[in-house]
1. Could you pull out the residue among M109, M99, M95 that is in contact with a His (Cβ under 8 Å, 6 or more places away or on another chain) and under 29 Å from Y27 (Cβ atoms)?
2. Return yes or no: is A217 modelled with pLDDT of 85 or more, exposed (fewer than 13 other Cβ atoms within 10 Å of the Cβ) and not assigned by TED's automatic domain parsing to the domain that holds I18?
3. So the check is Cβ under 7 Å with 6+ separation or different chains; which pairs have a first residue in segment 193-216 that's of a type outside the set (V, I, T) and a second one that's modelled with pLDDT under 90?
4. Mind listing whichever residues of segment 37-71 are basic (K, R) and within 10 Å of the ligand (Cβ to nearest atom)?
5. Could you tell me which numbered condition G51 fails, if it satisfies all but one of (1) more than 16 Å from V16 (Cβ to Cβ); (2) in contact (Cβ under 8 Å) with a residue 60 or more places away in the chain; (3) part of a loop (DSSP other than H, G, I, E, B)?
6. Taking the options I189, I160, I127, name whichever one is assigned by TED's automatic domain parsing to the domain that holds G110, buried (at least 17 other Cβ atoms within 10 Å of the Cβ), over 20 Å from the mean Cα position of the chain (by Cα) and in a helix (DSSP H, G or I).
7. From M108, M102, which residue is touching a Ser or Thr at 6+ places or on another chain (Cβ under 8 Å) and closer than 30 Å to G81 by Cα?
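The values are calculated or read from the model by the stated rules, or taken from the named source; none is laboratory data. All values derive from a computational prediction rather than experimental measurement. Neighbour counts are summed over all protein chains in view; Cβ atoms, including those assigned to glycine, are modelled from backbone coordinates with ideal geometry.
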Amino acid sequence: MSITLYTSPTPNGVKVSIALEELQMDYKVHAIDLGSLEQKQDWYLKINPNGRIPAIVDHGNNDFAVFESGAILHYLAKRTGKLMGSSLEQESEVMQWLMFQMGGVGPMMGQANVFYRYAPEKIQYAIDRYQKESRRLFEVLNARLADHEFLAGDYSIADIAHFSWVRIYSWSGVDVSGLNHLTRWLAQIADRPAVKRGLAVPVAKEYVDDKNVAKDAVVKAAQNMLVGSPKT
Ligand SMILES: N[C@@H](CCC(=O)N[C@@H](CS)C(=O)NCC(=O)O)C(=O)O
């Protein structure tokens, strides 16, 4: 079974490399250069009509292509029978928390990043809206993790999806103070060897609000992407 992973070092991208590492699947990486809009080229749109990363092609299954990170995680879990529980109820719980990430945490933190980090104009209302909503969603996760080691039964694709976003909270400017269960879970997942390997695909990239980390290149690449035309 061999898979090609089309990815970049972003929260949605590392979801899939972490899952592939956890599942010990055979895969090769095609790094997509988002800054030069490689993801909008015709050849790639045949794999992902949305022109975004990540996507996979499963060569062990007639070159079946999958886009949307949540759908990819689901596909890989079903393909291997792992990271998603086994009963209908367990799978449903995993899917509930996966959907909560795909429809809530990801989009809200994504918009927090846009308005807090990348927008040329500072619109305080938008910054507050997306940071506060992200914090509210973090509180839902924190309450769940108060009496659950993981989000849905055993460690699952729901944890992988959330971890990949929640870990960059400082980049999004979202406060995690007082969310002790969430930070316990973050540290626990960050410590997994497969997670460390997955975070280095295609290259390790820091998304932390730290004065020692060079932020300019990350911001410039995101701005180029958001305006939709490559700039130098
Ligand atoms: N809902 C999609 C979102 C994918 C997405 O937004 N990917 C970003 C990187 S995290 C991207 O490819 N951006 C490039 C662009 O907007 O052109 C998923 O979860 O796969």
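1. On the way: M109 fails: in contact with a His (Cβ under 8 Å, 6 or more places away or on another chain); M99 fails: in contact with a His (Cβ under 8 Å, 6 or more places away or on another chain).
Of M109, M99, M95, the one residue that is in contact with a His (Cβ under 8 Å, 6 or more places away or on another chain) and under 29 Å from Y27 (Cβ atoms) is M95.
2. Values: modelled with pLDDT of 85 or more: no; exposed (fewer than 13 other Cβ atoms within 10 Å of the Cβ): yes; not assigned by TED's automatic domain parsing to the domain that holds I18: yes.
Judged against the criteria, A217 is not a match.
3. From residues that are of a type outside the set (V, I, T), the pairs are E206/V213.
4. Our first condition is that a residue be basic (K, R); within segment 37-71, this holds for 40, 46, 52.
Selection gives K40, R52.
5. That leaves (2) as the condition not met.
6. Numbers: I189 fails: over 20 Å from the mean Cα position of the chain (by Cα); I160 fails: over 20 Å from the mean Cα position of the chain (by Cα).
Criteria check complete, one pass: I127.
7. Details: M108 fails: closer than 30 Å to G81 by Cα.
After ruling out the rest, the residue left standing is M102.
A quick yes/no check of all residues on (1) of a type in the set (F, W, Y); (2) within 16 Å of the ligand (Cβ to nearest atom):
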{"position": "F100", "(1), (2)": "yes, yes"}
{"position": "N113", "(1), (2)": "no, yes"}
{"position": "A126", "(1), (2)": "no, no"}
{"position": "E133", "(1), (2)": "no, no"}
{"position": "A152", "(1), (2)": "no, no"}
{"position": "H162", "(1), (2)": "no, yes"}
